[in-house]
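Novice: Let me begin by handing over the structure; questions about it come next.
Any read-out appearing in this document is the output of simple, stated calculations on the displayed coordinates, not a laboratory observation. Keep in mind it's a predicted model, so treat the numbers as computed, not measured. Counting neighbours? That spans all protein chains shown, and the Cβs are built from the backbone with ideal geometry, glycine included.
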Amino acid sequence: MVNRRILLALALSAAAATAACAQKAPLDATGRPLEPLTIVTTSGEHEFMVEIADDDAKRQRGLMFRPPLPDGRGMLFQFPVAAEQSFWMRNTPSSLDILYIDPRGRIVSIARHATPNSDTPIPSNGAANGVLELRAGRADEIGARPGDQVKHPFFHP
């Protein structure tokens, strides 16, 4: 009888721990879980947790009206087809680095320190179906350059 009680207590404890871990997963502004993304540069692999903007409403809103991103966070915009992309910083109060990424996960170009609250278009200068926004200066801090690899299930190397 004691062994059954111990096993039951262990099972309940494990279930509670699993539920607690699941609840601690970081969430985006809409309550969706953030996803891991890695940028591989000459200085190594750099891990980020990113929000996903994969529909028109999320892509249009982006990081408008939001505080600056922490170092390990970002927003990944996903487009169904690779094409010339162009972003602006309308209603975005903090400067960002904007990384344009091709379908294989290679960085096409980087717009560093984009001007906050600007309507000036920032072109990708090449076909991209992914766009990653990071806190301004992060691309330089990790040594990101065009041609570097971005690892995320959205991209297919």
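Novice: Suppose R0 equals 22 Å. What FRET efficiency, 1/(1 + (r/R0)^6) with r the Cβ-Cβ distance, do residue 41 and residue 104 give to the nearest 0.05?
Specialist: After rounding to 0.05, the efficiency reads 0.85.
Novice: Something else: Calculate the length of the line joining the C-alpha centroid of the range 66-125 to that of the range 28-45, in whole Å.
Specialist: 14
Novice: Further, regarding this structure: Return the Rg/Rh value of the range 26-151, two decimal places, where both radii are evaluated on C-alpha atoms and Rh is the Kirkwood radius.
Specialist: 0.92
Novice: Tell me, what ³J(HN,Hα) does each residue in the range 116-130 have, in order and in whole Hz, if you take phi through Karplus 6.51 cos²θ - 1.76 cosθ + 1.60 with θ = phi - 60° and put x for Gly and Pro?
Specialist: Once rounded to whole Hz, the list reads x, 6, 9, 9, 5, x, 10, x, 7, 6, x, 5, 9, 10, x.
Novice: Can you give me the distance in nm between label points at residue 59 and residue 32, each placed 7 Å from the Cα along the Cα-to-Cβ direction?
Specialist: Here the modelled spin labels are 1.3 nm apart.
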